[in-house]
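Note sheet for the following structure.
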Amino acid sequence: MEIAAAQVYKLKKFIKEIESYRGRHTEMVTVYVPAGYDMVKIINHLSQEQGTASNIKSTSTKKNVIDALEKMIQHLRIYSRTPEHGLAAFSGNVAEREGQSDVRVWSLEPPIPLRIRLYRCDKEFLLEPLRDMCEERNIYGLVVVDRRDAIIAFLKGKTIIPMLKTHSEVPGKTRAGGQSAHRFEKNRALAAKAHFKKVADYMKEQFLGNKDLKGIIVGGPGPSKHDFIAQGQITEDVKKKIIAVKDLSYTEEFGLQELVDKSQDVLANEDIAAEKEIMSKFFQTLATKPNKTSYGKDEVKKNLEMGLVETLLLSEVLDEKEIEEFEEIAQKFSTEVRMISTETREGAQLKDIGKVAAILRYEIQS
């Protein structure tokens, strides 16, 4: 499921608000209620935990845990049913001085359905499931290939996910006795071609039709990777997705890691390229159909509030309150929001023209 920019911003802000709180002991309560789970069962479980907490030896810790659980239970009773995507809830005593009590509770329906049910009492809130939702969802295909072996994987964020591997029947370089050099090389070439065909079919199976796939990176030792691409067995729609070919020292799992390490420049440039593409579209539209664009905070906000904005472009140099305000309005009208850095010439231009710009749904009268 894709998360809108406004949802990501809201989630990051929520995490930032509560991640700094620490308990003096294991007294900060984290609860994750999965989508579709009965809230009453969660409340009953927390009531049981209150009874268990009465056995804690430290008087102050016992009081803080029981109070946090009570605050959580009272909060969860507000919900007549579990929210569609589940609920992440947190409670604890956040008083700065020991012996004082300031028990607070926070909750959030996440933008992606929760699949975990969790109760945790620790010195800090458990926020990893929410942080994971903030990660970049772009996916890249990885292919490490030579004449003998191949492995195909996905790269999601910083995680390599191997999908399948295959081994060829290409004979070694030493031919069997009595076999002519010509026939031997012909057999090797045929076996390599069959191997490459199989890898190309696997690429089609794994990559074709994947809407989240931003590109494919191919690597391998020696010239085999270039031979593989040149033979024409890769489906044209898949071949168009190849954004880089890298020379490697390894194959298999070691080769995948090496391929990612050697592709950091490509991956960074891909993000910049996407940013440059949308900004170029804005400036091209500004030049040819100026009434289909707007820029500057006041003008863009006016068009945004009227539901006229198709794509909202926000410079990363805006302060958080301004970003949040623009994104909240955009969410009401299903407007696409793009955050733009100042690392590109186009991004610097956006900063210069007021930090906010928009491509409108249609031309309007000036």
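The values are calculated or read from the model by the stated rules, or taken from the named source; none is laboratory data. Note that this is a predicted model, so its numbers are computed, not measured. When we count neighbours, we look across all protein chains shown, and the Cβ atoms used for this are built from the backbone with ideal geometry, even at glycine.
Of all residues in region 305-314, count the ones that are surrounded by fewer than 22 Cβ atoms within 10 Å (Cβ to Cβ) and touching a residue at least 12 places away in the same chain (Cβ under 8 Å). Walk me through how you get there before you give the answer.
Within region 305-314, the subset surrounded by fewer than 22 Cβ atoms within 10 Å (Cβ to Cβ) is 305-308, 310-311.
Then drop every residue that is not touching a residue at least 12 places away in the same chain (Cβ under 8 Å), which leaves 305, 307-308, 310-311.
Count: 5.
Pairs are defined by a Cβ separation below 7 Å, a sequence spacing of at least 6 or placement on different chains, a first member in region 110-137 that is outside the structural domain of GLU84 (by TED's automatic domain parsing), and a second member that is in a strand (DSSP E or B) and of a type outside the set (Phe, Trp, Tyr); no pair meets this definition.
For (1) over 21 Å from ILE15 (Cα atoms); (2) surrounded by fewer than 12 Cβ atoms within 10 Å (Cβ to Cβ), each residue gets a yes or a no:
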site	(1), (2)
ALA35	no, no
GLY51	yes, yes
SER54	yes, yes
LYS62	yes, no
ARG77	yes, yes
PHE90	no, no
GLU135	no, no
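Scan region 49-61 and tell me whether some residue there is touching a helix residue (DSSP H, G or I) at 6+ places or on another chain (Cβ under 7 Å) and of a type in the set (Asp, Glu). Yes, that holds for at least one residue.
Summed over region 197-244, the residues that are among the hydrophobic types (A, V, I, L, M, F, W, C), touching a Lys or Arg at 6+ places or on another chain (Cβ under 7 Å) and either assigned to a helix (DSSP H, G or I) or buried (at least 18 other Cβ atoms within 10 Å of the Cβ) (or both) give a count of 5.
Looking across region 346-366 at every residue that is touching a residue at least 12 places away in the same chain (Cβ under 8 Å) and part of a helix (DSSP H, G or I), the one that is surrounded by the most Cβ atoms within 10 Å (Cβ to Cβ) is identified as LEU350.
Confirm whether THR288 is modelled with pLDDT under 85, surrounded by fewer than 19 Cβ atoms within 10 Å (Cβ to Cβ) and β-branched (Val, Ile, Thr). Spelling it out, it is not the case that THR288 is modelled with pLDDT under 85, surrounded by fewer than 19 Cβ atoms within 10 Å (Cβ to Cβ) and β-branched (Val, Ile, Thr).
Listed conditions (1) under 16 Å from ASP38 (Cβ atoms); (2) surrounded by 16 or more Cβ atoms within 10 Å (Cβ to Cβ); (3) among the charged types (D, E, K, R) are all met by LYS71, apart from (1). Of the listed requirements (1) free of Cβ contacts under 8 Å to residues at least 60 places away in the same chain; (2) under 26 Å from the mean Cα position of the chain (by Cα), LEU11 misses just one: (1). Go through the residues of region 196-219 one by one and say whether even a single one is at negative phi, touching a residue at least 24 places away in the same chain (Cβ under 8 Å) and over 33 Å from the mean Cα position of the chain (by Cα). The answer is no, given that none of the residues of region 196-219 is at negative phi, touching a residue at least 24 places away in the same chain (Cβ under 8 Å) and over 33 Å from the mean Cα position of the chain (by Cα). Of all residues in region 97-125, those satisfying the criterion of being surrounded by 13 or more Cβ atoms within 10 Å (Cβ to Cβ) and within 15 Å of PRO34 (Cα to Cα) are SER107, LEU108, GLU109, PRO110, PRO111, ILE112, PRO113, LEU114, ARG117, LEU118, TYR119, ARG120.
Answer yes or no as to whether GLU343 is surrounded by fewer than 18 Cβ atoms within 10 Å (Cβ to Cβ), touching a residue at least 40 places away in the same chain (Cβ under 8 Å), under 25 Å from the mean Cα position of the chain (by Cα) and assigned to a loop (DSSP other than H, G, I, E, B). Spell out how you get there, then give the answer.
Working: surrounded by fewer than 18 Cβ atoms within 10 Å (Cβ to Cβ): yes; touching a residue at least 40 places away in the same chain (Cβ under 8 Å): yes; under 25 Å from the mean Cα position of the chain (by Cα): yes; assigned to a loop (DSSP other than H, G, I, E, B): yes.
Judged against the criteria, GLU343 is a match.
Within region 288-302, the residues that satisfy the criterion of being assigned to a helix (DSSP H, G or I), touching a residue at least 12 places away in the same chain (Cβ under 8 Å) and within 16 Å of GLU322 (Cα to Cα) are LYS297, VAL300, LYS301.
Is it the case that LYS173 is under 22 Å from LEU248 (Cα atoms), charged (D, E, K, R) and modelled with pLDDT under 85?
Details: under 22 Å from LEU248 (Cα atoms): yes; charged (D, E, K, R): yes; modelled with pLDDT under 85: yes.
So LYS173 fits the description; yes.
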